[in-house]
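Some notes on the structure that comes next.
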Amino acid sequence: MLHSKCFTILRATRCRGNPHYNRNMETIPLSAFTWVDQPGLLAQMVKALARQRYLAVDTESNSLYAYRERVCLIQFSSVDHDYVVDPLAVKNLSALGELFADPAIEKIFHAAEYDLICLKRDYGFQFANLFDTMFAGRVLGRTTLGLGGMLEAEFGLQLEKRYQRANWGLRPLTPAMQEYARQDTHYLIPLRHRLDAELRQNGLRELAQEDFNRLLATPVQEGPEPDAWWKVAGCQKLTPRQSAVLQQLCELREAQANRLDFPLFKVMSNDVMVLVARNCPRDRKHLAEIPGMSSRMMERYAEGMLEAIQRGLKADPPPPRPHHPRPEQAYLDRLDGLKEWRKQIGKRMGVESDIILPRDVLEEIAAQDPQDLKSLRNIMAAVPWRFERFGNDILSLLVDSKQPMPEA
């Protein structure tokens with residue numbers, strides 16, 4: 001279905017102090033877009049987009065409303081048209097894989113990590129040639145990184161926000177929700193061009209590309225995280241027996257969320273589970289007295305929670321607490337030295353410290369303690385620009401840390 005009515009979802013911010021303010025953009029009508037809910041429309045869209053050099057992409061999921069979230073919309077924009085794909089109506093989206101994997105088409109996302117995880121998880125898509133406008137902003141030292149804030153800063157535009165937490169799994173979507181969905185990609189290509197020009201002007205395009213390439217390798221976790229109860233805030237202060245109760249409560253919550261198709265937090269909060277595990281109430285009266293225990297939770301889960309408490313108390317033996325031995329002091333010293341160096345360089349360049357050296361790379365360097373450029377280059381193979389720019393400094397820091405302190 002082609003939507004021909006134009007909505008002004010984006011409006012200009014009247015802020016002439018903004019260096020990017022453009023009075024000609026005070027009203028921006030959005031052109032017609034295509035709602036793709038049939039296989040034939042999908043095929044036409046893919047054929048049209050396969051000829052594009054730049055392709056803006058976004059997704060909408062229902063993580064706030066379902067146990068197993070899923071992609072509910074996929075939005076695309078070329079330089080002259082917007083599309084919104086309904087995956088709940090079009091079951092076979094394999095043709096999109098050709099677009100995502102085509103290295104000749106640059107896919108433009110804003111904060112791509114979550115979108116990539118969802119698209120890989122739900123459809124097994126692979127990606128090539130990516131530009132992330134949020135990461136580009138970070139490399140340029142921007143402090144406002146949300147899409148709405150960046151569009152306002154760059155173009156004097158404001159995004160409508162009323163549907164940010166909408167349930168995109170509902171059908172039918174209202175025309176206003178459909179219009180809202182396409183706005184997240186409508187201006188990504190011009191935003192990309194502006195940021196790309198600034199990156200090149202400042203000699204930072206290769207640095208940004210390293211982060212874009214790293215995003216392509218974003219992993220996907222399949223199924224519930226194992227031993228998740230050990231990551232619940234507050235579990236560290238529980239006794240082994242209380243930890244066993246918490247384990248049982250987490251398993252109960254997982255099962256109930258799956259049965260009801262609710263996200264975990266809508267079944268039971270972490271705070272309530274920890275308080276229940278700490279107090280181990282034996283009956284409904286004492287369970288109801290736990291802070292945060294609502295009447296709805298009592299009605300739905302009280303019996304299951306009391307049974308889980310008893311299972312945890314009788315567990316033999318309680319689950320062992322994960323043991324993470326303290327790293328060697330030499331490693332911690334190298335880590336601190338690299339972090340301080342990274343912090344100072346970040347201040348000098350006006351960016352966050354992890355732009356200088358991502359945490360995983362920093363930790364690997366500290367762990368392996370390379371003593372020559374060849375070894376350091378191997379560790380930094382995924383970030384060659386950073387190696388060329390900072391490799392000698394990093395190696396000097398590591399080598400110097402081994403020199404004996406001069407006698408007083």
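The values are calculated or read from the model by the stated rules, or taken from the named source; none is laboratory data. This one's a predicted model, so the numbers in the text were calculated from it and none came from an experiment. Heads up, the Cβs are rebuilt from the backbone with ideal geometry, glycines too, and the neighbour counts pull from every protein chain shown.
Tabulated data
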quantity: Residue ID - nearest to PRO263 (Cα to Cα), chosen from residues in region 143-165 that are touching a residue at least 60 places away in the same chain (Cβ under 8 Å) and crowded, with 18+ Cβ neighbours inside 10 Å; calculated: LEU159
quantity: Yes/no for ILE28 being under 30 Å from the mean Cα position of the chain (by Cα), modelled with pLDDT under 95 and under 21 Å from ALA181 (Cβ atoms); calculated: yes
quantity: Number of the exception - GLU210 against (1) buried (at least 18 other Cβ atoms within 10 Å of the Cβ); (2) modelled with pLDDT of 95 or more; (3) over 20 Å from the mean Cα position of the chain (by Cα); calculated: (3)
quantity: Output for region 171-222, where each listed residue is acidic (Asp, Glu) and farther than 20 Å from GLU60 by Cα; calculated: ASP196, GLU198, GLU206, GLU210, ASP211
quantity: ILE355 vs. criteria out of contact with any Lys or Arg (no Cβ under 9 Å at 6 or more places or on another chain) and β-branched (Val, Ile, Thr); calculated: no
quantity: Among (1) of a type outside the set (Asp, Glu); (2) farther than 13 Å from ARG311 by Cβ; (3) at pLDDT below 95, the one test that ALA244 misses; calculated: (2)
quantity: Count of region 307-348 residues which are closer than 18 Å to TRP230 by Cα and of a type in the set (A, V, I, L, M, F, W, C); calculated: 4
quantity: Which listed residue, of ASP115, ASP102, ASP122, ASP132, is modelled with pLDDT of 95 or more and in contact with a Lys or Arg (Cβ under 7 Å, 6 or more places away or on another chain); calculated: ASP122
